[in-house]
Amino acid sequence: DEIDLLGYALPEQSWQPGDTLPLRLYWFAQQAPSSDYRIFVHLEALDGSSKVAQVDSDPILCFSRTTRWEPGEVVVDPQELPLDPSTPPGTYRLVVGLYRPDTLQNLAVSDAPTALPGDRVDLGEIEIQAR
């Protein structure tokens with residue numbers, strides 16, 4: 001009940017192994033967050049069995065902490081997800097969420113049409129094409 005994910009932006013383009021996905025997340029602080037949460041962005045197999053890319057960071061490329069967010073504030077949070085050059089071509093799911101770094105517990109996802117088990121939000125599918 002502290003933070004909402006309002007939306008995201010990812011340029012429409014072809015992605016290839018070795019590229020970096022420039023994701024922009026839009027967060028809304030319902031109230032001042034009680035803890036400094038970390039953001040995770042994963043690119044995983046469609047069945048959730050494996051991750052091919054992952055980044056965990058503080059918001060705004062590690063330049064902000066969630067406890068600094070003010071109630072009612074919209075936070076534009078650029079994230080960069082590097083793809084390993086050995087990433088196999090295919091279709092993957094882009095997943096995002098927040099967690100407590102002291103416990104590694106994901107924050108509960110509620111009222112989201114694209115929530116996945118493990119309190120993650122499905123942002124859609126990404127196609128990785130061969131070089």
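The values are calculated or read from the model by the stated rules, or taken from the named source; none is laboratory data. On a predicted model such as this, the values are computed, not experimentally measured, just so you know. Reconstructed Cβ throughout: ideal geometry from the backbone, glycine too, with neighbour counts over all protein chains shown. Just so you know, the surface numbers come from the protein's heavy atoms only, side chains and all, with ligands and any DNA or RNA stripped out. Shrake-Rupley method; radii C 1.70, N 1.55, O 1.52, S 1.80 Å.
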| task | Considering Cα pairs under 8 angstrom that are at least six residues apart, work out the relative contact order of the range 46-125 and quote it in whole percent. | result | 25 percent
| field | Separation in nanometres of the label points that stand 7 Å from Cα toward Cβ, at SER110 and ASP1 | value | 0.6 nm
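Once Rh is set to the Kirkwood radius over Cα pairs, what Stokes-Einstein translational diffusion coefficient, in µm²/s, holds for the range 85-131 at a temperature of 4 °C and a viscosity of 1.567 mPa s?
In µm²/s, the coefficient is 104.
With each run of n ≥ 4 DSSP H residues scored as -39500 (n - 2.57), what mean residue ellipticity at 222 nm is computed for the chain after dividing by its residue count and rounding to the nearest 500 deg cm²/dmol?
On the way: 1 runs with 4 residues, N = 131.
That calculation yields -500 deg cm²/dmol at 222 nm.
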| remark: Carbon and sulfur atoms account, in whole percent of the 1.4 Å probe accessible area of the chain, for 48 percent
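Taking R0 as 30 Å, what's the FRET efficiency between ASP84 and ALA32 from their Cβ-Cβ distance, rounded to 0.05?
0.20
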| request: Keeping every protein chain in place, order LEU10, LEU94 by accessible area at 1.4 Å, biggest value first, i.e. largest first. | output: LEU10, LEU94
| Over the chain, volume per residue of the alpha carbon convex hull, in Å³ | 104 Å³
| Roughly how many Å² is the accessible area per residue of the chain, as a whole number, for a 1.4 Å probe? | 54 Å²
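State which stretch of the chain is the longest one without any exposed GluC sites (Glu not before Pro), exposure meaning a DSSP loop state and at most 16 other Cβ atoms within 10 Å.
Here the longest segment lacking exposed loop sites spans 13-72.
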| query | Magnitude of the Cβ-charge dipole of the chain, K/R +1 and D/E -1, about the Cα centre, nearest 20 debye? | reply | 260 debye
| query | Could you sort ARG131, ARG120 by accessible area so the largest value comes first, with the probe set to 1.4 Å? | reply | ARG131, ARG120
| request: Quantify how much of the Cα-Cα distance distribution of the range 1-52 extends past 13 Å, in percent. | output: 72 percent
